[in-house]
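Working notes, structure below.
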Amino acid sequence: MGPPVVQLVPRRSVSDSLGSVLALGCAVGLGFGAGLCAGAALLLKWVSSGAATQGQLQPEPQLTSVLAFAWRTLLASATQCSAPKPLDARQATPPKKQEPEPIEGAIAPPPATHYVLRPWADPRVDQAIYVRYDPKPSKKTGAIIIVIPGGNYDESAVFCGEGQPVAQWLAGLGITAVVLQYRCVSEGHYWPAQYEDWADCARAVVGQAASWGCDPHRVGVIGFSAGGHLATYAALKAPTAELAPKLQILVYPSIDTLTPHEDGDIDPWYAEKGYPPQETSGHLLVGRTAPPAFLAGIIGDKYCPAKENTDIYAQALKEHGVPYEYVTSEEDEHGCGLQEWWTAPCAAWLVEQGWASAAPDTETFVVVP
């Protein structure tokens with residue numbers, strides 16, 4: 001037996017229902033009217049013939065036939081009006097899905113992989129996650145960099161301009177990138193919750209590096225703004241040598257927790273409100289074991305001015321003999337994300353460190369010139 005035939009029934013509107021009722025009424029009236037007229041004529045003929053007075057109690061067969069015809073007409077009209085009509089074949093066929101036209105020369109990157117940082121935690125409270133972005137196998141160097149976006153510790157998102165685009169840029173250099181979305185002070189997760197999120201992420205990354213085809217001994221960190229403060233603290237105060245980042249990239253970072261000291265567009269961090277205390281300021285923690293650093297500062301930054309952050313951190317690194325490279329911009333503003341004035345020298349620096357491919361895959365990312 002073949003599959004049962006399903007008849008699609010259209011939804012009936014109020015106007016359709018009223019139309020059916022009116023049509024049914026007309027059919028009933030016409031059916032009864034025709035039957036009554038024909039029946040009355042035959043009945044009159046039957047009575048006038050004297051059959052009724054002569055004891056012929058059964059009406060003529062013609063009268064019976066007319067009445068039966070009227071009844072059948074009534075039933076047929078009622079059924080036709082009340083039964084829903086099947087959809088037209090053109091209506092029953094769903095519209096064909098239109099596939100987007102392929103873009104000539106477009107190259108899809110390897111799919112990103114999402115991880116919940118603490119699967120046992122209630123996601124309504126703990127939304128910390130990390131997302132891995134892999135380079136093409138032909139470009140892969142085996143190095144890993146954890147990306148920490150900014151947001152004043154009040155917001156954090158993988159898909160902001162300091163998250164996924166940065167990861168795609170690193171993947172184009174042959175580096176496996178992991179974007180960390182950490183818990184925020186604005187949601188009641190006070191410091192050091194953010195540092196704990198980095199530590200748990202680093203622990204997971206180092207533990208899985210080999211299965212990703214990467215080197216667990218080459219895991220670095222890049223941070224922006226507040227994420228730069230977290231990256232700095234992670235590079236200098238990692239709980240174990242195994243988890244300590246082997247290099248640090250800081251882009252318009254918050255080094256001094258009390259910045260900006262003057263003429264800023266934002267308030268400094270206050271420990272009593274849940275933000276990092278002053279003793280977590282990066283320039284106060286630098287030692288000879290600090291990893292190599294790449295610094296990018298913005299001169300006119302109203303949130304993390306270079307003179308109060310990257311300048312003093314570069315000075316501390318110099319005093320302790322830690323190798324670093326430092327670039328600045330006088331034009332860009334805080335939160336500018338990927339910009340050529342720092343990405344180009346940073347890429348060259350990563351090649352010198354042996355972390356990036358000498359022939360970067362520029363088709364997988366876009367850097368604003």
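Every residue in the stretch 225-273 that is outside any loop (DSSP other than H, G, I, E, B) and without any contact (Cβ under 8 Å) to a residue 12 or more places away in the chain, please. Break it down stepwise before answering.
Step one: list which residues in the stretch 225-273 are outside any loop (DSSP other than H, G, I, E, B), which gives 226-237, 248-251, 271-273.
Once the filter is applied, which keeps residues that are outside any loop (DSSP other than H, G, I, E, B) and without any contact (Cβ under 8 Å) to a residue 12 or more places away in the chain, the stretch 225-273 yields only GLU272.
When the stretch 280-310 is examined, which residues are found to be open to solvent by 60 Å² or more (accessible area, probe 1.4 Å) and within 20 Å of GLY337 (Cα to Cα)? First the steps, then the outcome.
Restricting attention to the stretch 280-310, the residues satisfying the condition of being open to solvent by 60 Å² or more (accessible area, probe 1.4 Å) are 284, 288-289, 299, 302-303, 307.
Selection gives ILE299, LYS302, TYR303, LYS307.
Could you please give the count of residues in the stretch 244-259 that are hydrophobic (A, V, I, L, M, F, W, C) and under 19 Å from VAL166 (Cβ atoms)? Give the derivation first.
Narrowing the stretch 244-259 to residues hydrophobic (A, V, I, L, M, F, W, C): 244, 247, 249-251, 255, 258.
In the following step, the residues that additionally are under 19 Å from VAL166 (Cβ atoms) were identified as 247, 249-251.
Final tally of qualifying residues: 4.
At pLDDT 95 or above, assigned to a helix (DSSP H, G or I) and either open to solvent by 10 Å² or more (accessible area, probe 1.4 Å) or among the charged types (D, E, K, R) (or both) - does that describe any residue in the stretch 317-335?
yes
Among what's in the stretch 257-290 and is closer than 18 Å to GLY151 by Cβ and of a type in the set (D, E, K, R), pick the residue that is modelled with the highest pLDDT.
Selected residue: LYS273.
Given the criteria under 28 Å from TRP349 (Cα atoms) and either part of a loop (DSSP other than H, G, I, E, B) or modelled with pLDDT under 95 (or both), does PRO216 qualify?
Values: under 28 Å from TRP349 (Cα atoms): yes; either part of a loop (DSSP other than H, G, I, E, B) or modelled with pLDDT under 95 (or both): yes.
Here the answer is yes, as PRO216 does meet what is asked.
Which of (1) under 23 Å from GLY282 (Cα atoms); (2) open to solvent by less than 10 Å² (accessible area, probe 1.4 Å); (3) of a type outside the set (S, T, N, Q); (4) in a helix (DSSP H, G or I) is the odd one out, the single condition VAL205 does not satisfy?
With respect to (1) under 23 Å from GLY282 (Cα atoms); (2) open to solvent by less than 10 Å² (accessible area, probe 1.4 Å); (3) of a type outside the set (S, T, N, Q); (4) in a helix (DSSP H, G or I), VAL205 is out only on (1).
The values are calculated or read from the model by the stated rules, or taken from the named source; none is laboratory data. None of the values given here were measured: they were computed from a predicted structure. Here the Cβ is made from the backbone with ideal geometry for all residues, glycine too, and neighbour counts use every protein chain on show. Protein only, heavy atoms only, side chains kept; ligands, DNA and RNA dropped before computing areas. Shrake-Rupley method; radii C 1.70, N 1.55, O 1.52, S 1.80 Å.
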